[in-house]
1. What's the local net charge at G16, with K and R +1, D and E -1, over the other residues with C-beta under 15 Å away?
2. Relative contact order of the stretch 2-100, please, whole-number percent, based on alpha carbon pairs below 8 angstrom and at least 6 residues apart.
Amino acid sequence: MAWSPDGSRIALISDGLYVVDADGSHLRELKQANDPALYTRDGWTDVGFQGPPSWSRDGRFLVFGRLRSNKNLMTPSSVFHNQPTRVTVSTDETQLLDPPPAEKIWSGIRSDSAW
């Protein structure tokens with residue numbers, strides 16, 4: 001669960017990704033972000049959400065991870081992959097992102113504000 005920067009909405013993951021007003025009204029499923037077909041391609045299979053969503057500073061986007069697996073890969077470290085994904089909250093447009101460099105994952109900080 002994650003509060004929007006202005007405190008007016010909450011993003012949550014249950015059986016999918018949802019946005020709801022802070023007072024509990026207007027629950028909306030972000031359907032395109034929940035579609036496993038988006039994450040199932042090139043030998044990868046969708047496993048589900050990885051961790052809570054995060055809001056952009058302006059509240060227009062949510063970023064989250066989808067865990068994917070690939071049985072065709074031989075090394076254990078390559079079998080699972082966390083796919084960073086961004087969704088535009090107002091339109092439900094969903095975009096797969098390139099993973100950030102490892103040093104930025106470890107620090108938890110992205111200096112380029114791409115999220």
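No value in this document is a laboratory result; all are computed from the given coordinates. If you're wondering where the values come from, they're calculated on a predicted model, not measured in any experiment. Don't worry about glycine lacking a Cβ; one is built from the backbone with ideal geometry, like all the others, and counts go over all protein chains shown.
1. That sum, taken over residues with Cβ under 15 Å, equals -2.
2. Relative contact order here is 21 percent.
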